[in-house]
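Since the structure comes first, as structure tokens, the remarks are kept for the end.
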Amino acid sequence: MPHKNTMASLVFLMALLLSCSSMTSAARHLEEALPKEYPPHPIVPELPKPQLPPHPAVPELPEPEPPHPLVPELPHPMVPEVPKHELPPHPLVPELPHPMVPEVPKHELPPHPAVPELPKPKVPHPAVPELPHPIVPEVPKEHELPHPAIPELPKTEMPHHAVPEVPKEPHVPHPEVPEVLKEPELPHPAVPEVPKHEMPPFPKAELPPKPELHFLEPEAKP
């Protein structure tokens with residue numbers, strides 16, 4: 001089987017090579033047979049445009065007015081008055097006595113059973129061993145240096161300047177203000193009473209009587 005497949009593939013490849021070589025040779029023959037220079041295109045003379053005659057003037061025709069047909073006035077039909085249907089009076093419904101509802105006895109629930117208290121188990125605390133405290137070595141103290149003595153500076157006394165005394169202003173007496181004479185009180189003039197004008201009573205506006213509206217009562221369903 002593999003030998004037959006290889007033979008078939010070789011035959012197929014040979015056929016492809018032969019077809020490709022024949023195609024290339026045919027293309028070369030066609031290129032050699034075609035002329036390299038083409039003849040020039042013939043000159044086509046331009047045809048004269050035909051001149052069409054002018055359009056004839058079409059006279060405008062008058063639009064014919066259609067005659068309006070005379071519609072005779074039709075008399076309004078008389079609508080007869082529909083008689084009102086009087087509904088029968090509503091029947092009196094007798095009041096029904098309320099039925100006595102018996103009282104339902106209440107169901108007493110049984111008492112809750114007493115739950116005995118369970119003893120709490122005692123959990124022994126584990127013994128914590130005491131750890132020895134670590135010994136901290138003492139740090140040697142640094143040598144204390146003596147503070148340098150600061151010499152006292154002599155105090156410089158500043159001379160106090162003498163402040164001259166300001167002379168006091170002489171006491172000026174307040175001027176006496178003369179008393180202003182009071183104006184004599186003038187008597188108030190008597191104002192005459194103005195008579196009150198009594199207004200005539202306003203006329204009561206009488207409203208027009210309300211128009212009675214008659215509505216069509218709905219027909220009783222059978």
Query - D_trans [Stokes-Einstein, Kirkwood Rh over alpha-carbon pairs] for region 25-103, 37 °C, 0.692 mPa s, µm² s⁻¹ - result: 111 µm²/s
Report summary line: Residue span LEU207 to HIS41: 0.36 nm per residue of separation minus Cα-Cα distance leaves a gain in nm of 48.7 nm
**Report entry** Compactness of region 1-137 - radius of gyration and Dmax, Cα, Å
**Finding:** 63.7, 140
Query raised in the report: Between VAL79 and LYS196, what length in nm is gained on full extension when 0.36 nm per residue of separation is reduced by their alpha carbon distance?
Result: 35.6 nm
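Computed from the coordinates by the stated procedures, all read-outs in this text should not be read as laboratory data. Predicted, not measured: the structure shown is a model, and the values here were computed from it.
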